[in-house]
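Notes follow once the structure below has been shown.
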Amino acid sequence: MAWRCHGKTHKEQVDHLRKSGIIKSNVVYEAMLAVDRKDFCSSEPYRDSPQPIGSNATISAPHMHAYALENLRERLNPGSKVLDVGCGSGYLAACMAIMVGESGRVVGIDHIPSLVEMSVNNTRKHHAALLDSGRLLYVEGDGREGYPDIAPYDCIHVGAAAPDIPTPLMDQLARGGRMVLPVGSPNATQKFIQIDLGQDGIVNKKNLLEVRYVPLTDKEKQVASWR
């Protein structure tokens, strides 16, 4: 089961995710193996559950990172542009930056300055080249509004639950692009949804699984609830 994909080491955990069938492809396996979760999570990094990272935010469970990467895999190609909303401590953005190659671009956005700084510092531990090359950029901002500077995006991942699909994110999704995000009320079961925007502009939505994520909210509410 997904919640049993713990490990004593990083490789052991990633191997468990593959043996369980959550990681299905070599490209996702290699990306997750290349980015050690311990660099991005100080508390129980190899336990398959969300862990607190401060400011009322969490790093998602490893099995959810694997689900997200697998469901975005067909759009995470060399040269792709990617937006990671609510990048937290930076783990998933770093994995995606590896998958899109030297010609790709990944933007991780968070509205908590300390988390943006944390993402940069975590990535610099073993993947400074991703930042120095410009392949990976972390920015401070309201992720619900996206990051229009380099839109449109081939992939958008949202790491917190919105009550509805944010319109600005749909507007910044490229034709042929894919977005995955949790949708639903806070403190309740939500739907992890895949949205594909066809080349003809037609939107297709698919419910993937039920999840529990922290809410995608404004900075003041998040910080207030943490205090």
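The values are calculated or read from the model by the stated rules, or taken from the named source; none is laboratory data. Only a predicted model underlies this, so the values are computations on that prediction, with no experimental measurement involved. Glycine also receives a Cβ, built like all others from the backbone with ideal geometry; neighbour counts cover every protein chain displayed. Areas reflect the complete protein model, heavy atoms only, side chains present, ligands, DNA and RNA absent. Shrake-Rupley method; radii C 1.70, N 1.55, O 1.52, S 1.80 Å.
Give, rounded to the nearest 20 debye, the magnitude of the charge dipole that the stretch 24-144 has about its Cα centre when Lys and Arg contribute +1 at Cβ and Asp and Glu contribute -1 at Cβ.
Magnitude of the dipole: close to 180 debye.
Would you mind classifying the stretch 26-119 by shape? Square roots of the alpha carbon gyration tensor eigenvalues, ordered a ≥ b ≥ c; an a/c under 1.5 is rounded, otherwise it is prolate if a/b is larger than b/c and oblate if not.
oblate
What translational diffusion coefficient, in µm²/s and rounded to a whole number, does the Stokes-Einstein relation yield for the stretch 61-109 at 10 °C and a viscosity of 1.306 mPa s, taking the hydrodynamic radius as the Kirkwood radius over Cα pairs?
Here the translational diffusion coefficient equals 149 µm²/s.
Which Cα, out of 17, 153, 72, lies furthest along the positive dipole direction of the chain (beta carbon charges, K/R +1, D/E -1)?
The listed residue farthest towards the positive side: 17.
Leaving out ligands and nucleic acids, note down the accessible area per residue over the stretch 127-207 with a 1.4 angstrom probe, in whole Å².
In whole numbers, the stretch 127-207 has 45 Å² accessible per residue.
Return the subset of 11/205; 24/206; 11/38; 11/125 for which the Cα-Cα distance in this structure is over 22 Å, preserving the input order.
Among 11/205; 24/206; 11/38; 11/125, the Cα-Cα distance tops 22 Å for 11/205.
Residue 170 to residue 8: FRET efficiency via 1/(1 + (r/R0)^6), r the Cβ-Cβ distance, R0 45 Å, to the nearest 0.05?
Once the sixth-power term is evaluated, E becomes 0.60.
Let me have the 222 nm mean residue ellipticity of the chain computed from DSSP H runs of 4+ only, each contributing -39500 (n - 2.57), with the sum over all residues rounded to the nearest 500.
Helix-only estimate at 222 nm: -9000 deg cm²/dmol.
Given the convex hull of the Cα atoms of the chain, what is a quarter of its surface area in nm²?
Spelled out: convex hull of the Cα atoms, projected over all directions, averaged, 11.1 nm².
Under a Cβ-only charge scheme (Lys and Arg +1, Asp and Glu -1), can you give me the dipole magnitude of the chain about the Cα centre, in debye to the nearest 20?
Charge dipole of the chain: 640 debye, to the nearest 20.
Any idea what the relative contact order of the stretch 84-217 is, in percent, if you count C-alpha pairs under 8 Å spaced at least 6 apart?
20 percent
Taking a ≥ b ≥ c as the square roots of the eigenvalues of the Cα gyration tensor of the stretch 101-227, is the shape rounded (a/c under 1.5), prolate (a/b larger than b/c) or oblate?
Since a/c reaches 1.5 but b/c is at least a/b, the shape of the stretch 101-227 is classed as oblate.
Rounded to a whole number, what % of the accessible area of the chain do carbon and sulfur atoms account for, probe 1.4 Å?
49 percent
With an 8 Å cut-off on Cα pairs and a minimum separation of 6 or more residues, tell me the relative contact order of the chain in percent.
After rounding, I find 15 percent.
Apply the Karplus parameterisation 6.51 cos²θ - 1.76 cosθ + 1.60, with θ equal to phi minus 60°, to every residue of the stretch 45-58 and state each ³J(HN,Hα) to the nearest whole Hz, in sequence, with x for glycine and proline.
In residue order, the calculated couplings are x, 9, 8, 7, 7, x, 10, x, 10, x, 6, 6, 10, 10 Hz.
How do the peptides 180-186, 200-206 rank, highest first, by the average count of neighbouring beta carbon atoms within 10 Å per residue?
Descending mean neighbour count gives 180-186, 200-206.
Collect residues whose amide H, placed 1.01 Å from N in the peptide plane, falls under 5 Å from the amide H of residue 108; neighbours closer than 5 in sequence don't count.
HN-HN under 5 Å from residue 108: 84, 137, 138, 139.
Once phi is turned into ³J(HN,Hα) by the Karplus curve 6.51 cos²θ - 1.76 cosθ + 1.60 with θ = phi - 60°, what whole-Hz value does each residue of the stretch 96-109 show in order, with x for glycine and proline?
Karplus values, whole Hz, x for Gly and Pro: 5, 4, 5, 5, 8, x, 5, 8, x, 8, 10, 10, x, 10.
Using Cα pairs closer than 8 Å and at least 6 residues apart in sequence, work out the relative contact order for the stretch 47-114, in percent.
Here the relative contact order equals 29 percent.
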